[in-house]
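This report concerns only the one structure given below.
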Amino acid sequence: MHQLWLIPALPFAGFLINGIFGRRLKKPVVNAVAIGSVLLAFFWVVNTLLSLGSLEQPYVERYFSWIASGTLNIGFDFAVDRLSAVMLLVVTGIGTLIHVYSIGYMSHEGGYYRFFACMNLFMFFMLTLVLGANYLVLFVGWEGVGLCSYLLIGFYFLKQSATNAGIKAFVVNRIGDFGFSLAMFLIFIQFGSLDFQQVFAKAAGFSPEKGVGMITFICLLLLLGATGKSAQVPLYVWLPDAMEGPTPVSALIHAATMVTAGVYMVARSAALFKLAPVALDVVAYVGLITAVLAATIGLAQNDIKKVFAYSTVSQLGYMFLGLGCGAFSAGIFHVMTHAFFKALLFLGAGSVIHALSGEQDLRQMGGLRTKIPVTFTVLLCASVAIAGVPPFSGFYSKDAILVAAYGKAPWMYWVGVITAGMTAFYVFRALFMCFFGEYRGHAHPHESPLVMTAPLGILALLSLGGGFINIPEFLEPVFGTLHEVHDQSLVYISVAAGLLGIGLSYLFYVLKPGLADSLADTLGGVYRLVLNKYYVDEAYQAAVVDPLVDGSRTVLWRGIDAGLIDGVVNGTGASARGIGGVLRHLQSGYIRRYAAWVLVGSILVIVAVSFTGGLK
């Protein structure tokens, strides 16, 4: 055996050590435990993959029978194939860099050991999710990353907005998780197993007449789960608020762990989705709508972390578009490249915030490229990568998705191209507002320490060159061959859209800085609609949250709890007290009173006997 269990066990050990003893440990020891455990997990992943070879077939390790009841027999099993190999390298590799960066970023924060304990726990659950050989083990990791997101988004628990954001992420994800849990029940009913290999093998023999309608329903429920974890319409609203957590948490959630879980789960279930073309269409539509909606919102945001948050939502939409077009390998390819440049964008934003003593408003920045040149350079690398400028990483994965979209429906390609142009515009808008023009803030900018800039440098190299890692070819045994580009003009058009977005951004925010404000004034209500995120949060609050809260207070609390339940319980108690108040006179302690009661009782017995005809 290759001891796959060690991969998640190492971060879990780090969680236990720092979580139990961290309060009494010095920071260097906390750092060594937290970072060492994740780094060892990365090395063990590399060692395992090298020893397993080509991974043409999944490698499975069976540990013990977890649930056995009737025909249900679920083992706690881990498995590795080429898909999980990509995810393991991304999670442990990017996770290690984020942990190292966190030493500098969190150095002056309270709850230092608690932060790293939760980060290690996050890694443990994500690795469990990726390694799971069946849906139930995957679901354990799935729920675990949801718990950790709640803990880390609400890390600053004395700050009400952070607490609210953590609760929002937790509750919204429970909606999606309900769909996922229903899908698992139906998978067992349909296939008699939750094991991936058994389920997919049985699904391969299905004909359109044999339960494919049920498979479509299962896939739609799985998609509901994925929309929660991967922040797709209509359950995307938690992700922008997740910025309330420390910036390294944002990077970990957005780049390497939680939001990629939904994409991974849909890709893992590709054998089912291929049998459900209607569900695949829904995946593509959801992804495309999410990509466009989030990109338009990103155009007007002024918080640097919110800009990149909506960028994540939009890029996740791209991934779902690829999955929905049947280009599963392209979707996972974009997961990898996105992990590189999105981790860099968030950690670079954290470096800016660190340099400006906590400032996040782009309107209070400007002219920073000479004051923090290293941060500027790495953020420029991330920006050209996400904008799809060739030959950098985002170009290859984004265009693989767009080509697949064209093969499914040309109009999807054109909407994707427009979205690519908007992405380039708002990412470079943030770059230009932050680093060009005159400095508009009041802090004294300073470059981040080496412990923060070194991970940024590694991520910059990956963002620039990561596209040359041929993930689609590597994933051929899992998903089949990806669509090849037959019309090179499709690539030229998408690149031109990205360059146009960069050019317009440069015009609006460098050459003629007042032009953007003038356009915003001209657009008026349309601009305010986008600036306020289409009032989706307010609509959810009015249509869902307030009625539930008010209904709970009026019906459940005052009506059922206080009125009915407390009424019955309190009424029973009052009746008991009343009866007891009468009966207590029988137990007064006075002998003469007892004699009187005996006399009265005797008289009553004699009278009763007399009326019933006397003694027989």
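Can you spot a residue in the stretch 91-105 that is in a helix (DSSP H, G or I) and closer than 30 Å to Ile67 by Cα? Yes, the stretch 91-105 contains a residue that is in a helix (DSSP H, G or I) and closer than 30 Å to Ile67 by Cα. For the stretch 314-332, state whether one or more residues are modelled with pLDDT of 95 or more, among the β-branched types (Val, Ile, Thr) and surrounded by fewer than 24 Cβ atoms within 10 Å (Cβ to Cβ). Within the stretch 314-332, not a single residue is modelled with pLDDT of 95 or more, among the β-branched types (Val, Ile, Thr) and surrounded by fewer than 24 Cβ atoms within 10 Å (Cβ to Cβ). Among the residues of the stretch 11-48, those that are touching a Phe, Trp or Tyr at 6+ places or on another chain (Cβ under 7 Å), open to solvent by 10 Å² or more (accessible area, probe 1.4 Å) and either in a helix (DSSP H, G or I) or under 20 Å from Gly132 (Cβ atoms) (or both) comprise Phe12, Phe15, Arg23, Lys27. Note on the stretch 323-357: residues that are farther than 26 Å from Phe436 by Cα and under 19 Å from the mean Cα position of the chain (by Cα) total 9. Residues of the stretch 142-176 that are in contact with a Gly (Cβ under 6 Å, 6 or more places away or on another chain), farther than 11 Å from Gly228 by Cα and not aromatic (Phe, Trp, Tyr): Leu152, Ile153, Gly154, Ala162, Thr163, Gly166. If you go through the stretch 420-447 and keep only what is hydroxyl-bearing (Ser, Thr, Tyr) and in contact with a Leu (Cβ under 8 Å, 6 or more places away or on another chain), you end up with Tyr426, Tyr439. Pairing residues of the stretch 459-471 that are farther than 18 Å from Leu252 by Cα with residues that are of a type in the set (Asp, Glu), at Cβ distances under 7 Å and at least 6 apart in sequence or on separate chains, gives no pairs at all. Could you tell me whether the stretch 145-154 includes any residue that is of a type in the set (Gly, Ala, Ser), without any contact (Cβ under 8 Å) to a residue 60 or more places away in the chain, closer than 30 Å to Gln197 by Cβ and assigned to a helix (DSSP H, G or I)? Looking through the stretch 145-154, none of the residues is of a type in the set (Gly, Ala, Ser), without any contact (Cβ under 8 Å) to a residue 60 or more places away in the chain, closer than 30 Å to Gln197 by Cβ and assigned to a helix (DSSP H, G or I). When residues in the stretch 218-234 are screened for being open to solvent by 10 Å² or more (accessible area, probe 1.4 Å) and either under 12 Å from Gly166 (Cα atoms) or at pLDDT below 95 (or both), 2 of them pass. Considering every residue within the stretch 152-164, establish whether at least one is under 26 Å from Trp5 (Cβ atoms) and either open to solvent by 10 Å² or more (accessible area, probe 1.4 Å) or under 14 Å from the mean Cα position of the chain (by Cα) (or both). Scanning the stretch 152-164 turns up at least one residue that is under 26 Å from Trp5 (Cβ atoms) and either open to solvent by 10 Å² or more (accessible area, probe 1.4 Å) or under 14 Å from the mean Cα position of the chain (by Cα) (or both). Is it the case that the stretch 49-57 has a residue that's out of contact with any Leu (no Cβ under 7 Å at 6 or more places or on another chain), touching a residue at least 24 places away in the same chain (Cβ under 8 Å), among the hydrophobic types (A, V, I, L, M, F, W, C) and in a helix (DSSP H, G or I)? Checking the stretch 49-57: at least one residue is out of contact with any Leu (no Cβ under 7 Å at 6 or more places or on another chain), touching a residue at least 24 places away in the same chain (Cβ under 8 Å), among the hydrophobic types (A, V, I, L, M, F, W, C) and in a helix (DSSP H, G or I). Can you give me the number of residues within the stretch 569-616 that are assigned to a loop (DSSP other than H, G, I, E, B) and either charged (D, E, K, R) or at pLDDT 75 or above (or both)? Final tally of qualifying residues: 1. Please verify whether Glu438 is open to solvent by 50 Å² or more (accessible area, probe 1.4 Å), under 20 Å from Leu380 (Cα atoms) and of a type in the set (Asp, Glu), treating the condition exactly as stated. The answer is yes for Glu438. Scanning the stretch 527-545 for residues that are within 10 Å of Ala300 (Cβ to Cβ) and surrounded by fewer than 13 Cβ atoms within 10 Å (Cβ to Cβ) gives a single hit, Arg528.
Among the residues of the stretch 505-526, just one is open to solvent by 70 Å² or more (accessible area, probe 1.4 Å), under 35 Å from the mean Cα position of the chain (by Cα) and in contact (Cβ under 8 Å) with a residue 60 or more places away in the chain, namely Tyr506. Scanning the stretch 105-134 for residues that are open to solvent by less than 10 Å² (accessible area, probe 1.4 Å) and either in contact with a strand residue (DSSP E or B) (Cβ under 8 Å, 6 or more places away or on another chain) or free of Cβ contacts under 8 Å to residues at least 12 places away in the same chain (or both) turns up Leu131, Gly132, Ala133, Asn134.
Report, by residue number, each residue of the stretch 404-451 that is among the charged types (D, E, K, R) and within 27 Å of the chain's Cα centre (by Cα). Once the filter is applied, which keeps residues that are among the charged types (D, E, K, R) and within 27 Å of the chain's Cα centre (by Cα), the stretch 404-451 yields only Arg429.
The values are calculated or read from the model by the stated rules, or taken from the named source; none is laboratory data. The shown structure was predicted, so the numbers you read here are calculated from the model rather than taken from an experiment. No Cβ is skipped: glycine too gets one built from the backbone with ideal geometry, and neighbour counts run over all protein chains shown. Side chains included, ligands, DNA and RNA excluded: accessible areas come from the protein's heavy atoms. Shrake-Rupley method; radii C 1.70, N 1.55, O 1.52, S 1.80 Å.
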